Amino acid sequence: MRIAYLDCFSGISGDMFLGALVDAGVSARLLKETAAALEIGAAMEISRVDRSGISATKVDVSAGDETDRAREPAGHEHQHVPRPQHESEPHESRHHDHEHHPHPPVPGEASRPLPHEPAHGPARGLKEIGEIIGRARIGETAKKTAIRIFGALGEAEAKIHNLDIEKIHFHEVGAVDAMVDIVCSAVGREALGVDEIVCSPLNLGGGMVQCAHGTFPVPAPATLELLKGAPVYSSGLQAELVTPTGAAIVKTLAARFASFPEMTIERTGYGAGSRNFPGHANVVRLTVGEARPELAAETLQEIITVLEANLDDLNPQVFGYVMDRLLADGALDVFGMPVQMKKSRPGMLLTVLCKPEHAGKLTEIIFTESSTLGVRRREETRLVLARKFVSVRTEWGEVRMKIASMNGTVTNCAPEYEDCRRIASEQQVPLKTVMNRAMEEYLRGHKG
């Protein structure tokens, strides 16, 4: 199966995704022709830029003779984070950098922009946007995909403002640059020729964003609504890294979220954001290749969080207590490994596997119950065999057996330790005897 992996370690925006598509082999001419086919006065410029040492493709859109200036000072096309005063570039919020937020109408003026909105272009509803896309000379599948992306944006804003989606008008989203971003993303995804796009967890950034409706913390309300169910995090960079348009593209085009999948890599592309952050490559990476076609059938795949801390000054008795606390509060697994630390001090490496939603609580336990001053955190893909429990009866009581299978064939079976331990303690029978008897009973009932 042919797949593409979208690595959003610096977030994602519409223009970044287009840049990554071109850099990964999608025809630049195709995207330029698509922009022209919309017949809204759009033109596209494609260039090579450097982002913290990474050579990437930058996409800029212009309308008529007016270049799309708003992207230049921004992190992406939707960047509103005020800069420190020592920076001499223009203040981002003054530009309303392609905010891509639909806005509720003023009563009686459904087709007009709100009085406080900047004039980036005509206000358009979903119906009018659909008509523009429908008239364009592009493939029908790409048209449907583009309309779905706009629909996702409209649904998010309608929910935020408690309005019917028909009453949402797209002032900035309906502007030239956003129309090009979304429609070209749909056409480019089709031209990429992959069976599915897999997306990494999304780095949202941080700080505040100045939207048309006021100041909000990052992520913006529409972005947050669009990313429900998606794995997200913040690297601490004080900038808005995922825009509403980027979120809508990912929500629509990505089949699933996961760590880097098992694949044979063919090519990689980098799409550049507008700002060049010191020490942080402001790019999105798109990797195309072949995945094992049987992988999904053999195993179940899930995202887990790995927490780690080095401990060299903790009482060993306390270490055991910390492990018990973590397991009791939802950790999937906890283990320790002896390590040699600085100044030749012996220590322990504490590793915790957990579901992403439990990571915060378990990190707090590590900080409060151990002596560490820092906890490392990363997301990884875990492949797990399908499993179930069956019960067997012994002369001392019932024991659950954990059964693992792959493609319907049992690959492993084992008696549940806690059941055997309880029986051994209550019946005064050696633990290994109980475990062996449970295995015998299971095999007797499942011959072959």
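The values are calculated or read from the model by the stated rules, or taken from the named source; none is laboratory data. The model shown is predicted, which means the values in this text are computed figures rather than measured ones. Here the Cβ positions follow ideal geometry from the backbone for every residue, glycine too, while neighbour counts run over all protein chains shown. What goes into the accessible areas is simple: the full protein's heavy atoms, side chains included, and nothing from ligands, DNA or RNA. Shrake-Rupley method; radii C 1.70, N 1.55, O 1.52, S 1.80 Å.
For the list (1) modelled with pLDDT under 95; (2) charged (D, E, K, R); (3) out of contact with any His (no Cβ under 9 Å at 6 or more places or on another chain), I need the number of the one condition that Arg275 fails.
(3)
Go through Arg400, Arg393 for me and flag whichever is in a strand (DSSP E or B), of a type outside the set (Gly, Ala, Ser) and exposed (fewer than 13 other Cβ atoms within 10 Å of the Cβ). Walk me through how you get there before you give the answer.
Values: Arg400 fails: exposed (fewer than 13 other Cβ atoms within 10 Å of the Cβ).
The match here is Arg393.
For segment 411-441, name all the residues that are assigned to a helix (DSSP H, G or I) and either in contact with a strand residue (DSSP E or B) (Cβ under 6 Å, 6 or more places away or on another chain) or of a type in the set (A, V, I, L, M, F, W, C) (or both). Show your work before the answer.
We begin by selecting, within segment 411-441, every residue assigned to a helix (DSSP H, G or I); these are 417-427, 431-441.
Within segment 411-441, Asp419, Cys420, Ile423, Ala424, Leu431, Val434, Met435, Arg437, Ala438, Met439, Glu441 meet the criteria.
Name the residue, out of Ser274, Ser259, that is more than 17 Å from the chain's Cα centre (by Cα), at negative phi and touching a residue at least 24 places away in the same chain (Cβ under 8 Å). Please lay out each step first, then the result.
Numbers: Ser259 fails: more than 17 Å from the chain's Cα centre (by Cα).
Residue meeting the stated conditions: Ser274.
Can you name every residue in segment 194-230 that is assigned to a loop (DSSP other than H, G, I, E, B), over 27 Å from Arg378 (Cβ atoms) and open to solvent by less than 20 Å² (accessible area, probe 1.4 Å)? Give the derivation first.
Kept after step one, since they are assigned to a loop (DSSP other than H, G, I, E, B), are these residues of segment 194-230: 194-195, 200-201, 204, 206-207, 212-213, 218-220, 227-230.
This time we only want the ones that are over 27 Å from Arg378 (Cβ atoms), so: 195, 212-213.
Of everything in segment 194-230, just one residue is assigned to a loop (DSSP other than H, G, I, E, B), over 27 Å from Arg378 (Cβ atoms) and open to solvent by less than 20 Å² (accessible area, probe 1.4 Å), namely Ala212.
Filter segment 340-360 for residues that are assigned to a strand (DSSP E or B) and either in contact with a Ser or Thr (Cβ under 8 Å, 6 or more places away or on another chain) or open to solvent by less than 90 Å² (accessible area, probe 1.4 Å) (or both) and give the result. Give the derivation first.
Going residue by residue through segment 340-360, those that are assigned to a strand (DSSP E or B) are 340, 346-354.
Result: Gly347, Met348, Leu349, Leu350, Thr351, Val352, Leu353, Cys354.
Quick test of your reading of the structure: Tyr233 fulfils all but one of (1) surrounded by fewer than 21 Cβ atoms within 10 Å (Cβ to Cβ); (2) over 13 Å from the mean Cα position of the chain (by Cα). Name the failing condition by number.
(2)
State which residue is most open to solvent (accessible area, probe 1.4 Å) when the search covers only segment 236-261 and only residues that are out of contact with any helix residue (DSSP H, G or I) (no Cβ under 6 Å at 6 or more places or on another chain) and of a type in the set (D, E, K, R).
Arg256
Do we find a residue being within 30 Å of Asp419 (Cα to Cα), part of a strand (DSSP E or B) and out of contact with any Lys or Arg (no Cβ under 7 Å at 6 or more places or on another chain) anywhere in segment 361-369?
Checked against the condition, which is being within 30 Å of Asp419 (Cα to Cα), part of a strand (DSSP E or B) and out of contact with any Lys or Arg (no Cβ under 7 Å at 6 or more places or on another chain), segment 361-369 yields no hits at all.
Could we say that Thr363 is among the hydroxyl-bearing types (Ser, Thr, Tyr) and either closer than 18 Å to Val318 by Cβ or modelled with pLDDT under 90 (or both) here?
Working: among the hydroxyl-bearing types (Ser, Thr, Tyr): yes; either closer than 18 Å to Val318 by Cβ or modelled with pLDDT under 90 (or both): yes.
Criteria met by Thr363.
Which of the residues that make up segment 172-193 are in contact with an Asp or Glu (Cβ under 7 Å, 6 or more places away or on another chain), in a helix (DSSP H, G or I) and at pLDDT below 90?
Asp177, Ala178
Got a number for residues in segment 306-339 being among the acidic types (Asp, Glu), more than 33 Å from the chain's Cα centre (by Cα) and surrounded by 13 or more Cβ atoms within 10 Å (Cβ to Cβ)?
Filtering segment 306-339 down to residues among the acidic types (Asp, Glu) leaves 308, 312-313, 324, 329, 333.
From the residues that got through so far, the ones that are more than 33 Å from the chain's Cα centre (by Cα) too are 312-313.
Next, from what is left, pick out any that are surrounded by 13 or more Cβ atoms within 10 Å (Cβ to Cβ): 312.
Qualifying residue count for the region: 1.
Taking the options Gly75, Gly19, name whichever one is closer than 15 Å to Ser274 by Cα, out of contact with any helix residue (DSSP H, G or I) (no Cβ under 6 Å at 6 or more places or on another chain), outside any strand (DSSP E or B) and at pLDDT 90 or above. First the steps, then the outcome.
On the way: Gly75 fails: at pLDDT 90 or above.
It is Gly19.
Confirm whether Thr34 is in a strand (DSSP E or B), in contact with a helix residue (DSSP H, G or I) (Cβ under 8 Å, 6 or more places away or on another chain) and either open to solvent by 60 Å² or more (accessible area, probe 1.4 Å) or at pLDDT 95 or above (or both). So that I can check it myself, show each step before the final result.
Values: in a strand (DSSP E or B): no; in contact with a helix residue (DSSP H, G or I) (Cβ under 8 Å, 6 or more places away or on another chain): yes; either open to solvent by 60 Å² or more (accessible area, probe 1.4 Å) or at pLDDT 95 or above (or both): yes.
Considered against the rule, which asks whether it is in a strand (DSSP E or B), in contact with a helix residue (DSSP H, G or I) (Cβ under 8 Å, 6 or more places away or on another chain) and either open to solvent by 60 Å² or more (accessible area, probe 1.4 Å) or at pLDDT 95 or above (or both), Thr34 comes out as no.
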